[in-house]
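This report refers to the structure that appears directly beneath it.
Nothing in this text is a laboratory measurement; each read-out follows from the coordinates by a stated rule. Not measured: the values here are computed from a predicted model. Using ideal geometry, Cβ is built from the backbone for each residue, glycine included, and neighbour counts are taken over all protein chains shown.
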Amino acid sequence: MQTTLTVQCPWCFERLELWVDPYTAGEFVRDCDVCCRPWRVFVARDASGRLQVNVQRSG
């Protein structure tokens, strides 16, 4: 089960690795490691357990 993936910051557009706990699902807020602006991260898993993540601007 994949728990690390590369996402792009919706503010500064840097590509960063995002680690997601294997049991996490739903929504949480995280700050960008580069520009420190907040992201809204949506996490879901399909029937086979594959991770699906959507990152949007928050705040």
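With the biggest extent put first, the Cα atoms of the chain measure 33, 19, 14 Å across the principal axes.
Can you pull out the chymotrypsin sites (Phe, Trp or Tyr not before Pro) in the chain that DSSP calls coil and that have at most 11 other Cβ atoms within 10 Å?
Counting only loop positions with at most 11 other Cβ atoms within 10 Å, the chymotrypsin sites (Phe, Trp or Tyr not before Pro) in the chain are PHE13, TYR23.
Qualifying trypsin sites (Lys or Arg not before Pro) in the chain, where qualification requires a DSSP coil assignment and no more than 14 other C-beta atoms within 10 Å, comprise ARG50.
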